[in-house]
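The values are calculated or read from the model by the stated rules, or taken from the named source; none is laboratory data. Quantities reported herein were computed from a predicted structural model and do not represent experimental measurements. All Cβ positions, glycine included, derive from the backbone under ideal geometry; neighbour counts span all protein chains shown. Ligands, DNA and RNA are stripped out before the accessible areas are found, and what is left, the full protein with its side chains, is counted by its heavy atoms. Shrake-Rupley method; radii C 1.70, N 1.55, O 1.52, S 1.80 Å.
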2 protein chains.
Amino acid sequence: MPDEPMHLVERPWEDLEELADRGDATSLEAYVDTLSPPDAARAMAHLDEDAQSRVLETLEPEAAADLLEDLPFAQAADLIENLDPTVAAAILRELPSDAQADLVTAMDDDDAEAVLAAMGPVEARGIRDLARYDDDVAGGLMVTEFLAFRDDRTVADVIDDLRRNADAYADYDVQYAYVAGAGGRLVGVLRLRDLLLARPGRPIRDLMIREPTTVRTDATLDELEDVFDTRAFVALPVVDPEGRLVGVIRRALVEEAVGERAESDYRKAQGIVGGEELRTMGLALRARRRLSWLSINIVLNLIAASVIAAFETTLSAVIALAFFLPIISDMSGCSGSQAVAVSIRELTLGVVRPQDLFFVWVKEIGVGVINGIVLGIIIGVIAMFWRGNGWLGLVVGVALAVNTMVAVSIGGLIPLVLKRFGLDPALASGPVLTTITDICGFFLVLGIATLLLSRLIGA
Amino acid sequence: MPDEPMHLVERPWEDLEELADRGDATSLEAYVDTLSPPDAARAMAHLDEDAQSRVLETLEPEAAADLLEDLPFAQAADLIENLDPTVAAAILRELPSDAQADLVTAMDDDDAEAVLAAMGPVEARGIRDLARYDDDVAGGLMVTEFLAFRDDRTVADVIDDLRRNADAYADYDVQYAYVAGAGGRLVGVLRLRDLLLARPGRPIRDLMIREPTTVRTDATLDELEDVFDTRAFVALPVVDPEGRLVGVIRRALVEEAVGERAESDYRKAQGIVGGEELRTMGLALRARRRLSWLSINIVLNLIAASVIAAFETTLSAVIALAFFLPIISDMSGCSGSQAVAVSIRELTLGVVRPQDLFFVWVKEIGVGVINGIVLGIIIGVIAMFWRGNGWLGLVVGVALAVNTMVAVSIGGLIPLVLKRFGLDPALASGPVLTTITDICGFFLVLGIATLLLSRLIGA
């Protein structure tokens, strides 16, 4: 960008590699500290995997953990898997509990076991407990760093504890402490702010908010979004089926997960299976993953194009039609994609549900009729003047108009239908849409042309 | 979904409309309270605009404001614009400052002025001040509800103020109070938690964190993401050029804005200009907006397809080629889209910058060579056996292989180039990509076929 500051380090990865090769932990840490998180991530992305590992191994574990947190998750996971298990365990120990669990889950089983074996048994068990949960449920998003006190403690007890452990709690970043009753069950939530206003001798059970809102460990991201949308909670306690507090989930973590899901949906719609690819990943893996998507598409394309083969006689007689086939295919894909995007959006917002098929269709077909007629007239007029044959214009125009109506209908409904059958609308909508609209579009152009063949000869 | 609870209200919009028509504010509010935010949004989306307005007008302003907050922003903005200015002003007054400013900004100037005139002059000025900022900078994302105290106040003064205004502060949801020195300049941040540990008579300036991290009102979303990524802040103070505190920005607001940007990018890539469409919007507006995108695409498509027209003789001689043109077009589009998605992802993460063209190209061309060869062999073998002509297989296979390499190169680089020129990669990458890959693909198939025409006749 032209307005970038002049003092920008242009090739920080060269400095990074040099300091790592020298094995100078202090200088390397000082250098990394001068980089913003994106600069650090960019510098690491430009190094090969061995050099990235050397950087992490050279740094002290705490500094390495900070650097790891600056990297995109997939890159961090690849990297820590390649480290010596002892080094990896030392770095993991410096990360928050949710990041530990996410990284361990992303590792191969053998690598994960080796790293956990290199940690203490208590730490390893904590990580294993968290790693059991899926990424996109409360259990997988929560952190296990929280303040909890028994309900018979007094205000003075709590303040004393906060004072003594101020350093340990500095990273907790919570405004609440949780209150446990018999059997460790969560019985209340204490706003730390309320401690300010209370007499020191009062038991905290008198101050706490009773029957607090909680979420289950298996609450989905949609459910979490809902709860946080309904009320202005900053954080909520996560409880197990017995009602015991097992973690805390913060609003920002939920918002972040929702944002990541949106980004992942976008990439899936563009043909990145799994929703994640970074260019730091190995070439073979990247090529294979992309190819898995492309090879499904080429089969679907061949099926759709077989409609063209079936009308070979018509096409030979009116070669001008070959010019319009890719246009009909692409334009219908565009019209349908717009409807797909709006449906995926409305499903995410909860404004439509999978059963709202008729509601969505009514809203889409209106757009389809208007845009179909406009686009049909444009292409029809162009076809007519190009070849001086009004019938050609009619064929191509009617085909595009009708296919636009088909495309918006299919595009609007497909995400709802896929969702109803438990499939991922972001991933599957595109290929299903274009296959149907291609088949339908080719059939319309060539079918109508066959009916009117005598009028078209010579066009 | 098959596992939906039986007690679900299937058509809540009918009840909503009936209660609004009866004008029964209490029953209507009680009914709305039974709906989850997505259910409320869905119910409103099923009503026409007049009925939605009647619901809002019937509810007390506070209940109407709560309902408005459950709706997607674009829907809320459309709705409030259609209300009587006095009613709209009463509802606006119940919303947090950032929502007020966003809604007023979204209104037509005349409507906005009418609503602001119906509010008090002080309130109106506060909203006007906020509405000056863009949506995606700190000034546009911040809230103006925060706690601030002069630096000569004592711990006891602050605790006393918190106690007296507990109700008013209940919605603030902050863990910090801000400390102002001479001329209202921000001189420190006070963690409310630290008040717990301090003697009542101490001035807060002794407890506050000095030289706190601040952000400017014009800090961009990327800059904000960076700051919150670097440190575990829950909220940060926003200051004007004179260093005066003007608002507070919370991590969750930044995460939310980042998520919305990702969703908006996804929709733009799918051809929703402006990134936002809901089916509650008017038909004419929706059709027109979508058409603006489609009409650019049809022109680009015609340009690309004109390559086909230029090779009409070849195509007439080898009609089988017409079968492969849409396949080459679609497959190259798919390969290119994958590269676009990865580049947009890496640009967002900051892992690549617009100047990293060569780095990205090297990473992409490897994938392009592998996938191009695999896809080329698949399509080539199919073409060969279909027509029993090895030369046809060679033409089609080489064309797809080479065009896949072109597509991943262009797909990887386009977002960087567009970003460098200040254009929106999410919006423009798709059409630019498919136009270039179509032109190139059609030219490769038909160009090579023309060179080898004598070998292809009869295929």
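What the table below lists for this structure:
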{"quantity": "DSSP bridge orientation in chain B - percent antiparallel, rounded to nearest 5", "calculated": "75 percent"}
{"quantity": "Rh by Kirkwood over Cα pairs, then Stokes-Einstein D for the stretch A:305-356 at 0.890 mPa s and 25 °C, µm²/s", "calculated": "180 µm²/s"}
{"quantity": "Accessible area that becomes buried as A packs against B, both chains, 1.4 Å probe, Å², nearest 100", "calculated": "11000 Å²"}
{"quantity": "Rounded to whole Hz, the Karplus (6.51, -1.76, 1.60) HN-Hα couplings of the stretch A:449-457, x for glycine and proline", "calculated": "4, 5, 5, 9, 3, 4, 6, 9, 3"}
{"quantity": "Label point distance in nm, A:V381-B:D110, each placed 7 Å from Cα along Cα→Cβ", "calculated": "3.2 nm"}
{"quantity": "Surface accessible to a 1.4 Å probe, per residue, for the residues of the protein assembly as shown, Å²", "calculated": "41 Å²"}
{"quantity": "Where GluC sites (Glu not before Pro) in DSSP loops with at most 13 other Cβ within 10 Å are excluded, longest remaining stretch of chain A", "calculated": "A:11-241"}
{"quantity": "Rg(Cα)/(2.2 N^0.38 Å) for the stretch B:76-139, N = residue count", "calculated": "0.99"}
{"quantity": "Coarse-grained scattering of the stretch B:282-456 at q = 0.11, 0.14, 0.15, 0.20 Å⁻¹, given as base-10 log I(q)/I(0) from a Debye sum over alpha-carbon atoms", "calculated": "-0.52, -0.78, -0.86, -1.20"}
{"quantity": "The stretch B:148-250: C-alpha gyration tensor shape, a/c 1.5 cut-off, then a/b vs b/c", "calculated": "prolate"}
{"quantity": "Amide H within-cut-off set for A:V246, under 5 Å, with H built and near neighbours excluded", "calculated": "A:V238, A:V239, A:D240"}
{"quantity": "Cα-Cα pairs of the protein assembly as shown separated by more than 38 Å (percent)", "calculated": "51 percent"}
{"quantity": "Delta accessible area of at least 50 Å² on complex formation, residues of the stretch B:28-48, 1.4 Å probe, chain isolated as reference", "calculated": "B:P37, B:P38, B:R42, B:H46"}
{"quantity": "Shortest-first nm distances, B:I303 label point to equivalent points in other copies (7 Å, Cα→Cβ)", "calculated": "3.4"}
{"quantity": "For the stretch A:337-352, 3J(HN,Hα) per residue [Karplus equation, 6.51 cos²θ - 1.76 cosθ + 1.60, θ = phi - 60°, Hz, x = Gly/Pro]", "calculated": "4, 4, 5, 4, 4, 5, 5, 5, 4, 6, 5, 4, 6, x, 6, 10"}
{"quantity": "Volume in Å³ per residue [convex hull over Cα atoms, computed for the stretch B:335-416]", "calculated": "67 Å³"}
{"quantity": "Given charges at Cβ of Lys, Arg, Asp, Glu: the protein assembly as shown dipole, positive-most of A:A305, B:W293, B:G201", "calculated": "A:A305"}
{"quantity": "For the stretch A:67-108, projected area of the alpha-carbon convex hull averaged over all directions, nm²", "calculated": "2.6 nm²"}
{"quantity": "Whole-percent carbon and sulfur share, accessible surface of the stretch B:302-459, 1.4 Å", "calculated": "75 percent"}
{"quantity": "Calculated label separations, A:E18, copies of the chain, 7 Å along the beta-carbon direction, nm", "calculated": "7.8"}
{"quantity": "Residue-wise HN-Hα coupling along the stretch B:356-371, computed from phi with Karplus coefficients 6.51, -1.76, 1.60 (Hz; x: Gly, Pro)", "calculated": "7, 4, 5, 4, 5, 5, 4, 5, 7, 5, x, 5, x, 5, 4, 5"}
{"quantity": "FRET efficiency estimate (nearest 0.05) - Cβ-Cβ, B:D206 to A:D424, R0 45 angstrom", "calculated": "0.20"}
{"quantity": "Copies compared at A:V362 - label distances in nm, ascending, label defined 7 Å from Cα in the Cβ direction", "calculated": "5.9"}
{"quantity": "Mean projected area in nm² (Cα convex hull; one quarter of hull surface) for the stretch B:12-132", "calculated": "6.5 nm²"}
{"quantity": "Test item: Cα-centred dipole of chain A, Lys/Arg +1 and Asp/Glu -1 on Cβ, debye", "calculated": "2920 debye"}
{"quantity": "Cα pair count fraction exceeding 39 Å, expressed as % - chain A", "calculated": "45 percent"}
{"quantity": "Of all accessible heavy-atom area on the stretch A:148-266, the percent that carbon and sulfur account for (1.4 Å)", "calculated": "45 percent"}
